[in-house]
Amino acid sequence: MRRNRNISSIISGGPSIDLISAVERFVYRNPIDQNESVCFSEIDDDLLRIALEASRISENTALHKVLSNLAYIYFYLQLYDDLDWTDEYTDFAKYATEMFQHMNIPVPSEFRRKSPEEIIAARDQHRNLFLSGLQFFVNSAFAHLWTRKGFLFDFNTRLAEKISPLLKHEYPALAKDGQLPRETYFPKWLVDMIMLRERGLCHYCNCIVASPSIANQSYDIDHMTPIANGGTNDPTNLVLSCPSCNNKKRAKYQMMPDTFFWPKIT
Ligand SMILES: [Zn+2]
């Protein structure tokens, strides 16, 4: 893969914003160029594994995994590991320095050296530090996307497309053809996260489902993309629902518009 990336366009909006734009383009199948199209097909190849793992609830959600894959390819493989994109090693030192600053990691002093050999040695010496810092961008991008339920619904539609065609005799972990087992136990950290995002309101009808001032309320945690349609138990697929909406909904799709669009970086 030949890259033609320009350092200022990569860093201008901050790597977390670049990551959000990249995952949007991935979910909506809207690659910016041929290079990105190849990158997206690699990530798509990994999406079945990610969707199957989302049979279980984990804090490392399917969205974290896709964001990690993107961050690894874009920020590490294409820019840190591969120096084909630059003729001047000082450009690479500038890239590494700015990335460490964005990661809130003290910039290793070796990147201030001038000779190409010293900068390449610094790159090798701090490879693992750089890789560990990518998690900062993943977590930051996730925190933004977590509030955008329209996007989360579309992301889960992509996951469901991987599960729906599967046959149980080939994938024994399925509950039946095209369906993962339904998770019915939701750990407290997850319920708290969803309650906080929903502010206690039903995702579908906006009625009050839970409030500190009202005792003994019943609520449901609902799968936006239904299990029956290939939906997963990933936290990104779960919303708060009042019992009556959950009963009405069953296996129908529901759309929730985004209330906030992150600006696209092009
Ligand atoms: Zn409701």
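The values are calculated or read from the model by the stated rules, or taken from the named source; none is laboratory data. The shown structure was predicted, so the numbers you read here are calculated from the model rather than taken from an experiment. So basically every Cβ, Gly included, is an ideal-geometry build from the backbone, and we count neighbours across all protein chains shown. In case anyone asks, the SASA skips ligands and DNA or RNA and just uses the protein heavy atoms, side chains included. Shrake-Rupley method; radii C 1.70, N 1.55, O 1.52, S 1.80 Å.
Quick notes
- The Cα-based radius of gyration and maximum Cα-Cα distance (Dmax) for the range 36-108 are 15.4, 47 Å.
- Sites excluded, GluC sites (Glu not before Pro) in DSSP loops with at most 13 other C-beta within 10 Å, longest stretch of the chain: 171-266
- Contour minus Cα-Cα distance for Asn35 and Asp81 (0.36 nm per residue): 14.9 nm
- Across all directions, the average flat footprint of the convex hull enclosing the Cα atoms of the range 7-144 is 8.6 nm².
- By a 1.4 Å probe calculation restricted to protein chains, Val38 has an accessible surface near 50 Å², given to the nearest 10.
- Between Gln217 and Ala175, the FRET efficiency estimated from the beta carbon spacing at R0 = 35 angstrom works out to 0.75.
- Extension gain, Asp124 back to Ala143 (0.36 nm per residue minus Cα-Cα distance, nm): 3.8 nm
- Maximal additional length on extending the Tyr185-Gln101 stretch stands at 26.2 nm, based on 0.36 nm per residue less the C-alpha distance.
- Given the chain, longest segment not containing exposed loop trypsin sites (Lys or Arg not before Pro) (DSSP; at most 16 other Cβ within 10 Å): 57-112
- Once the chymotrypsin sites (Phe, Trp or Tyr not before Pro) in DSSP loops with at most 15 neighbouring Cβ atoms within 10 Å are cut out of the chain, the longest remaining piece is 29-184.
- For the chain, the C-alpha radius of gyration sits at 1.15 times the compact-globule guess of 2.2 N^0.38 Å, with N the residue count.
- In the full protein context, the range 42-173 carries 46 Å² of accessible surface per residue, based on a 1.4 Å probe and ignoring ligands, DNA and RNA.
- Helix 149-163 and the long axis of the chain differ in direction by around 90°, with both axes built from C-alpha atoms.
- Debye-sum result for the range 174-249 in log10 I(q)/I(0), which assumes one identical scatterer on each alpha carbon, at q = 0.22, 0.26 Å⁻¹: -1.00, -1.28
- A crude spin-label estimate for the pair Arg49 and Ser109, with each label 7 Å from Cα along the Cβ direction, gives 4.1 nm.
- Crossing angle, helix 127-145 versus the chain [Cα axis fit, 0-90 degrees, rounded to tens]: 40
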